[in-house]
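Report on one structure; see the data block that follows.
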Amino acid sequence: MKTILTWLAVFVAGTAVAQDADTIHIAKLEIGRNKKEVFNSRDSSLVVHIDTLVMKDKSQLVFFGKKDVQLRVDHALIEKRGYIFGTDGKNNGTDFGIDMRFEKLGALFVLAGGQDAKNNGSRTFPNGDGGDVMFTYDKGGITPQTDNRKAVHYLQIDTRAGGYRVNPQSDLRNIYSMINQGTAGRPLGNLSQGMVYSGSPGKDGETTLEAR
């Protein structure tokens, strides 16, 4: 009986650790110019709280393999261009809930759009859906604007589905070329999982921008 209780206690403790693993608190995160910070743990959902986020020009905050990300930043200092990118790893954009106070803002691009399917043997998923983005900013800091990308304080949120940028003629040429290169009896063997993916676009995501 004692052995059973001991193993049960270990299991419960391990479960508690696993549940906490998808919540991250960072006191200060600084991403250098042209550098990226990647979150790619096995959890499909992630909660990240950053006290101070500094993003130099062309820096990236990347969430890979994430269906849902809740991101809170108490103090954000974004230089000329910063990028927040999220995908579930299957061509779909990440659903983001972002709460941020801008102390400095050149331009920030939140990229949660769906990605295009590639009928070239390298990608094994159809045109993706765009993620849903709920972006809340603290009106006590800088107020972002969405009209003029050449002006400061610019914020752009992309939740468009994948498939709009696909060129059907180019896709067909790739498909026929790979079929012709296939072995006898397996004409689709060079395609991803032996499949040709539809050219139909995915579903656009939704964007909400509001102050608090």
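Any read-out appearing in this document is the output of simple, stated calculations on the displayed coordinates, not a laboratory observation. All of these numbers come straight from a predicted model, not from anything done at the bench. FYI the Cβ positions are ideal-geometry reconstructions off the backbone, even for glycines, and counts take in every protein chain you see.
Structural remarks
- You can think of it this way: the chain between Val152 and Arg212 has 19.5 nm of extra reach, that is 0.36 nm per residue less the Cα-Cα gap.
- Spatially proximal aspartates and glutamates relative to Lys56 (Cα-Cα < 16 Å; intrachain offsets below 8 disregarded): Glu30, Glu37, Glu79, Glu103
- Neighbours of Met100, meaning other residues whose beta-carbon lies under 11 angstrom from its beta-carbon, give a summed charge of -1 when Lys and Arg score +1 and Asp and Glu score -1.
- Pairwise label distance in nanometres, Lys104 with Gln145, each label 7 Å out on the Cα-Cβ vector: 2.0 nm
- 23 Å Cα-Cα threshold exceeded, pairs from Lys35/Lys104; Lys28/Lys58; Lys35/Lys80; Lys28/Lys90; Lys67/Lys104: Lys28/Lys90; Lys67/Lys104
- Net charge of the neighbourhood of His49, taken over other residues with C-beta under 9 Å away and scored Lys/Arg +1, Asp/Glu -1, is -1.
- With the simple spin-label model, which puts each label point 7 Å out from Cα in the Cβ direction, the Thr23 to Thr52 separation comes to 2.5 nm.
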